[in-house]
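The block underneath contains the structure these notes are about, expressed in C-alpha cells.
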Amino acid sequence: MLEHRCHKCGIDIGYEGLCFRCKEEEIRDKILALTDDEIKEIINQYVKNLKENNADEELINGIYIYDLIAYRDIDLKDIAKKALEKKIYYPEVFYYKADKNIRDELIKRINETEDPSQGASLLSCLAMQGDDKALECLYNLEIHPKEWRKKLYVDPSIYAECAGWTFDKDKKRQILNFDKCYYLEKAKSKEEKDKSPVIIASLRDDNCPECGCRNIDIAIIDGRDERLKFIAVDGIIKASCCPNCVTYNTTYSKYDLKGVSEILPFDKESENYYPAEENYIKEEELINMQNNNYILSKHDVPLFFGAFSESINTIGGFANWVQDWEYIRCPSCGQKMRYLMQIHWDSIDNCSEGTLFIEICTNCSITAMFHQQT
C-alpha cells in the first residue's frame with residue numbers, strides 16, 4: 001500500500017487527502033461558521049424531507065443533522081414533531097427534552113404497541129424526553145411489565161440510561177451524566193499546556209502486577225478549576241490504570257483530593273475478568289501517549305459535542321458509546337457511577353483503536369475505566 005500523509009496534520013494515512021480527524025474538524029468548523037438563518041434553513045429542509053421511518057439518509061448542504069445537534073445545540077422542537085409524525089424513533093436524541101404533547105404521544109404509543117422492537121425504541125425516545133411523567137411511565141413498565149416488555153433483554157431503568165439517568169425500585173431518579181461539557185483542544189504553547197487543569201496520560205513509576213506494563217494516570221483533573229466546578233470535587237481526581245489491561249478489564253482506581261491515586265486489584269473471581277496474556281504496549285508508545293498536547297477548552301460546549309464523534313475527547317456531557325451505553329456500579333457503595341470523560345485511544349496513540357470511558361463515584365472517590373471497540 002502506498003503511504004500518504006494527511007494534507008493538514010501530516011500523520012501517515014493509506015490514501016491521498018485528509019485523515020478522518022481533520023475531515024471531522026473541517027465539518028465542525030463549517031458548522032460553527034453557519035449563521036442562525038442558515039441553520040434555520042437547514043432544519044426546515046430537513047424537516048420537510050423526512051421520510052417515513054427514515055432519518056439517516058438526509059444530507060442538507062453537506063451537513064448531517066447530528067452535527068448541528070452536537071456543535072450548535074439546535075432547537076429540536078420541529079424535528080421531534082415531524083419525526084413523531086413519521087414514526088422515526090432513531091436517533092432518540094431527536095426527543096431530548098421534548099414538550100409534553102410529544103411525551104404524551106410517546107407514552108400512548110408505548111401503551112398501544114405489541115412489538116418489542118418498536119417498544120424498545122419508544123422507551124429510548126421517552127427516556128430522552130426525561131421528565132417526571134416519563135419516569136413514571138418507565139417505572140410502571142418495570143414494575144408491571146407488558147407482554148412485549150418481557151421479551152426485552154433489559155429493564156426500562158436501563159433504557160433510561162441512554163439519556164444519562166436511571167431510577168431505583170423506589171422510583172428515585174439518579175443522574176448519570178453531567179450538565180456541562182468541555183472538550184480537549186491542542187495547546188498552542190508549552191505554557192498553555194502547563195496551565196491546563198486537565199492532563200492526559202501521565203506515566204507513573206509503578207508497573208502492572210498482571211502484565212508488567214508501566215501504569216499511567218490516564219486523566220488528572222483539577223476540580224478546583226472554575227470550569228470544572230460542575231463535577232463537585234474540590235481537589236484533584238486521578239484516574240489511573242494499566243493501559244494494556246484496561247482494554248480487557250474494567251479498572252478501578254481510588255483517588256484522594258491531594259493528587260494521589262491507587263489502582264485497585266482486579267476481581268479475578270468475576271466472570272468478566274480476562275487476564276492479559278502479555279504486554280502489547282512498548283515503552284516508546286507510552287512516551288508518545290504522554291507527549292500528547294491536549295488541554296481543556298476555554299469555554300463549555302453543547303452537551304452532545306462529543307456524542308457523535310470518533311475523534312473528540314470530552315469531559316462531561318454525553319458520550320459517543322462505541323457499543324451500548326454502560327454505567328458501572330461503584331465497587332464500594334454499589335451505586336451506578338456517573339459518566340465523566342471519553343478518550344479516543346488513537347488521539348494519543350496512532351497505533352491504537354477504540355475508546356476509553358471514565359466514570360466516577362464522587363461519594364467514594366473511585367473512578368472506573370473501561371474500553372469499547374467495534
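A short reminder: the numbers here are calculations on the coordinates, not readings from a lab. Predicted model only: the values in this text are computed from it and were never measured. Here the Cβ is made from the backbone with ideal geometry for all residues, glycine too, and neighbour counts use every protein chain on show.
Overview of values
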{"read-out": "Which of Ser124, Ser365 has the fewest Cβ neighbours within 10 Å, and the rest in rising order", "value": "Ser365, Ser124"}
{"read-out": "Highest-fluctuation residue, Ser196, Ser270, Ser121 considered, GNM on the chain with Cα pairs under 10 Å", "value": "Ser270"}
{"read-out": "Debye-sum result for the stretch 178-372 in log10 I(q)/I(0), which assumes one identical scatterer on each alpha carbon, at q = 0.08, 0.13, 0.15, 0.18 Å⁻¹", "value": "-0.23, -0.64, -0.88, -1.34"}
{"read-out": "Nearest-ten-degree value, helix 36-49 long axis tilted from longest Cα axis of the chain", "value": "60"}
{"read-out": "Column: log10 I(q)/I(0), Debye, Cα scatterers of the stretch 75-175, q = 0.17, 0.18 Å⁻¹", "value": "-0.66, -0.75"}
{"read-out": "Listed peptides 237-249, 338-350, 165-177 by packing density, highest first (mean Cβ within 10 Å)", "value": "237-249, 338-350, 165-177"}
{"read-out": "Environment charge of Ser261, counting only residues whose C-beta is closer than 14 Å and scoring Lys/Arg +1, Asp/Glu -1", "value": "-2"}
{"read-out": "C-alpha long axis of helix 20-32 to longest principal axis of the chain, angle in °", "value": "50"}
{"read-out": "The chain, relative contact order in percent, only Cα pairs under 8 angstrom and at least six apart counted", "value": "13"}
{"read-out": "Net +/- balance of residues flanking Leu84 in space, Cβ distance below 9 Å, scoring K and R +1, D and E -1", "value": "+3"}
{"read-out": "Net charge over other residues, Cβ less than 9 angstrom from the Cβ of Ile102 (K, R count +1; D, E count -1)", "value": "+1"}
{"read-out": "The chain, helix-only ellipticity at 222 nm - DSSP H runs n ≥ 4, -39,500 (n - 2.57), divided by all residues, nearest 500", "value": "-8000 deg cm²/dmol"}
{"read-out": "Taking the stretch 75-175 and dividing mean pair separation by its residue count, relative contact order in percent (alpha carbons under 8 Å, at least six apart)", "value": "24"}
{"read-out": "Value in Å of the Kirkwood radius, where the stretch 266-325 supplies the Cα pairs that are averaged", "value": "15.2"}
{"read-out": "Protection proxy ranking, peptides 292-300, 280-288, average beta carbon neighbours within 10 Å, highest first", "value": "292-300, 280-288"}
{"read-out": "Segment Glu85-Lys180, extension gain: residue separation times 0.36 nm, minus the distance between their alpha carbons", "value": "31.1 nm"}
{"read-out": "Rule-of-thumb Rg ratio for the chain [Cα; 2.2 N^0.38 Å; N residues]", "value": "1.04"}
{"read-out": "Exposure proxy order (Cβ contacts within 10 Å, fewest to most) of Ser202, Ser189", "value": "Ser189, Ser202"}
{"read-out": "Rounded FRET efficiency, nearest 0.05, which uses the C-beta distance separating Asp75 from Lys171 and R0 of 25 Å", "value": "0.25"}
{"read-out": "log₁₀ of I(q)/I(0) at q = 0.11, 0.13, 0.16, 0.18 Å⁻¹ - the stretch 104-230, Debye sum with one point per alpha carbon", "value": "-0.62, -0.72, -0.81, -0.89"}
{"read-out": "Theoretical FRET efficiency, 1/(1+(r/R0)^6), r = Cβ-Cβ of Asn101 and Arg224, R0 41 Å, to 0.05", "value": "0.40"}
{"read-out": "Per-residue Cβ neighbour rank within 10 angstrom, fewest leading, Val260, Val47", "value": "Val260, Val47"}
{"read-out": "Contour excess over end-to-end distance, with Cα ends at Glu269 and Cys351 and 0.36 nm allotted per residue", "value": "26.4 nm"}
{"read-out": "Average Cα contact separation per residue, the stretch 151-197, under 8 Å, 6 or more apart, as relative contact order %", "value": "20"}
{"read-out": "Cut-off 19 Å (backbone N to label point 7 Å along Cα→Cβ of Lys195), residues of the stretch 213-229", "value": "221-229"}
